[in-house]
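Below is one structure, written out as structure tokens; comments come after it.
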Amino acid sequence: MSKHYVIVGSGVAAVHAAKAIRDRDAESEITIYGEENHLPYNRIKLTKGLFSDLHSEKVLIKKEKWYRDNRITLHTSSRVTSIHPERQQIETADGKVTAYHKLLLCMGARNRALTVDGAGLRNVHTIRELGDADRLKDSLTSGQRVVVIGGGVQGLETAWALHEGGYPVTIVEAAPRLMARQLDEASSEKLRLILEQSGVQVKLHTGVTAITGEEAVSGVVLDDATAIPCGHVVYSIGIVPNTDVVQETGIRTRAGVVVNSHLETSAPHIYAAGDIAELDGLVEGLWGGAIEQGKVAGGNMAAAEPAAYRRTVPVTLFNAFGCSLFSIGNTDERQCDRTVAAEVNGVYKRIYVKDNRLTGAISWEGAAASLLYKSAVEQGVSLEGLDVENGSLEAIMAGVAARLQEIL
């Protein structure tokens with residue numbers, strides 16, 4: 001059988017995998033199957049730039065010419081309905097059967113469904129695909145309040161876009177603070193105050209028990225019985241990997257499709273990458289991780305010697321409501337030995353240390369300042385000899401910068 005690399009799914013992991021394959025194999029056939037009727041696009045811009053032109057070429061991961069130049073066949077509006085590992089074939093909804101030499105599963109994930117009463121009413125939205133963003137924008141009416149359920153990054157970016165668009169917004173978050181996975185209490189509280197000063201209502205440590213309305217949304221009810229009138233609900237409460245198509249294949253799954261360090265599944269010749277892949281019990285669900293997994297999986301599919309995927313350092317760059325901050329690495333103080341916090345010239349910073357190495361950082365600085373912290377975490381820079389206990393944060397980071405220069 002001639003070599004035919006088949007990729008199911010058309011997100012960022014798929015595109016980077018295809019590039020990695022072509023970089024190593026100039027001749028073989030590469031085919032990508034995507035369910036959406038668009039070229040692969042930058043999904044994180046759906047909330048960051050909700051009211052921008054999401055159909056412009058600027059949103060695309062690669063322009064159409066790139067696929068032609070690299071002889072990569074891209075099938076849009078094409079859903080793979082079954083996989084046959086024993087025959088090394090896939091089948092699409094139109095009944096077409098395609099054989100593969102190596103197969104990559106990149107079906108991504110869907111947003112976790114909202115299960116409260118009224119979740120099926122008109123004007124209840126979640127944003128995962130381009131069509132979701134289009135439907136939300138098309139249905140908005142000036143002056144309507146929007147309740148955003150979920151105070152994580154995606155929820156806050158959506159709230160910011162709606163606020164900038166002139167819509168009154170209420171954020172409802174079940175956790176005690178905003179961006180609980182990325183921020184400490186001090187940063188989260190500062191962010192809450194900024195949102196409320198801008199006119200956004202924030203309800204923390206509370207949940208939505210029901211969405212009210214006849215055919216369309218008219219309000220929400222919180223678990224303390226508070227009723228909030230609104231015309232729309234947008235929810236962002238986590239993701240669920242799209243594993244349905246592999247359930248009858250014998251390929252091992254848990255939360256996602258289980259892979260080893262080479263991103264191989266339990267079935268021969270089949271790999272997985274991106275939001276569908278579960279490695280060491282974890283589905284990363286991160287944009288940067290999906291890119292790197294795509295590169296590694298594609299490279300391993302085409303290379304004689306496989307490379308191991310090294311989990312990327314999580315980086316969140318948040319620019320909204322007039323503030324700029326970043327969170328890098330592990331910022332859970334329960335998992336570190338000590339932290340050092342300071343406010344320098346009005347800028348709050350905090351670093352997290354475990355086993356005498358920097359493992360995470362939060363700072364209210366611009367993206368450029370994040371590079372030092374990211375490199376230090378990635379390189380595992382030792383803090384041995386630096387006065388972490390009594391020294392200033394500035395002095396510690398100056399020492400880290402000097403050691404990085406020696407390493408790099």
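The values are calculated or read from the model by the stated rules, or taken from the named source; none is laboratory data. All figures in this text were calculated on a predicted structure; none of them were measured in a lab. Here Cβ is always computed from backbone atoms with ideal geometry, including for glycine, and neighbour counts include all displayed protein chains. When the accessible area is computed, the model is the full protein with side chains, heavy atoms only, and any ligands, DNA or RNA have been set aside. Shrake-Rupley method; radii C 1.70, N 1.55, O 1.52, S 1.80 Å.
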With every protein chain in place, the accessible area of H205 for a 1.4 Å probe, in Å² rounded to the nearest 10, comes to 130
To the nearest 20 debye, the stretch 121-232 has a Cα-centred charge dipole, built from +1 on Lys and Arg Cβ and -1 on Asp and Glu Cβ, of 80
In terms of the charge dipole of the stretch 349-408, which places +1 on Lys and Arg and -1 on Asp and Glu at the beta carbon, the residue among Q405, S382, I362 farthest towards the positive end is I362
One computes Rg over Rh for the stretch 179-229 from alpha-carbon atoms, with the Kirkwood Rh, and obtains 1.09
Taking the dipole of the chain about the Cα centre (Lys, Arg +1; Asp, Glu -1; charges at Cβ), the one of A159, V347, L193 that reaches farthest to the positive side is A159
A 1.4 Å probe over the protein heavy atoms gives the chain a carbon and sulfur accessible-area percentage of 46
GNM of the chain, Cα pairs under 10 angstrom: of Y348, Y373, Y271, the biggest fluctuation goes to Y348
With a ≥ b ≥ c from the Cα gyration tensor eigenvalues, square-rooted, and the rule rounded for a/c under 1.5, otherwise prolate when a/b > b/c and oblate otherwise, the stretch 300-408 is oblate
Once M397, M107 are ranked on solvent-accessible area with the largest value leading and a 1.4 Å probe, the list reads M107, M397
If every Lys and Arg gets +1 and every Asp and Glu gets -1 at its Cβ, then about the Cα centre the chain yields a dipole, in debye to the nearest 20, of 700
Given a 1.4 Å probe, the accessible area of the chain per residue, as a whole number of Å², is 46
In terms of the charge dipole of the chain, which places +1 on Lys and Arg and -1 on Asp and Glu at the beta carbon, the residue among P168, Q247, V217 farthest towards the positive end is Q247
Using a 1.4 Å probe on heavy atoms of the protein chains only, the accessible area for Y235 in Å², nearest 10, reads 30
Ranking D280, D25 from most to least accessible area with a 1.4 Å probe gives D280, D25
Judged on accessible area alone, 1.4 Å probe, highest first, D94, D184 line up as D94, D184
For the stretch 225-316, the Cα-Cα pair-distance distribution in 5 Å bins from 0, as whole percents, is 2, 13, 22, 20, 15, 8, 5, 5, 4, 3, 2, 1, 0
Partner aspartates and glutamates whose C-alpha sits under 15 Å from that of K63, ignoring same-chain residues fewer than 8 away, are none
With Cα springs under 10 Å, the Gaussian network model of the chain assigns the largest mean-square fluctuation among Q154, Q201, Q293 to Q201
The Cα radius of gyration of the stretch 29-102, divided by 2.2 N^0.38 Å with N its residue count, comes to 1.32
Listed by chain and number, the aspartates and glutamates with an alpha carbon less than 17 angstrom from that of K48, same-chain partners under 8 positions apart left out, are E57, E129, D132, D134, E157, E164
To the nearest 20 debye, the stretch 184-299 has a Cα-centred charge dipole, built from +1 on Lys and Arg Cβ and -1 on Asp and Glu Cβ, of 180
Among beta bridges assigned by DSSP with both residues in the chain, the antiparallel ones amount in percent, to the nearest 5, to 55
Which of K62/K354; K65/K349; K45/K374; K3/K65; K19/K349; K19/K374 exceed 32 Å between C-alpha atoms? The answer is K62/K354; K65/K349; K19/K349
Yeah, the stretch 113-173 with a ≥ b ≥ c from its alpha-carbon gyration tensor (a/c under 1.5 is rounded, else prolate when a/b outruns b/c, oblate otherwise) is rounded
From the Cα centre of the stretch 84-163 to that of the stretch 329-408, the distance in Å is 36
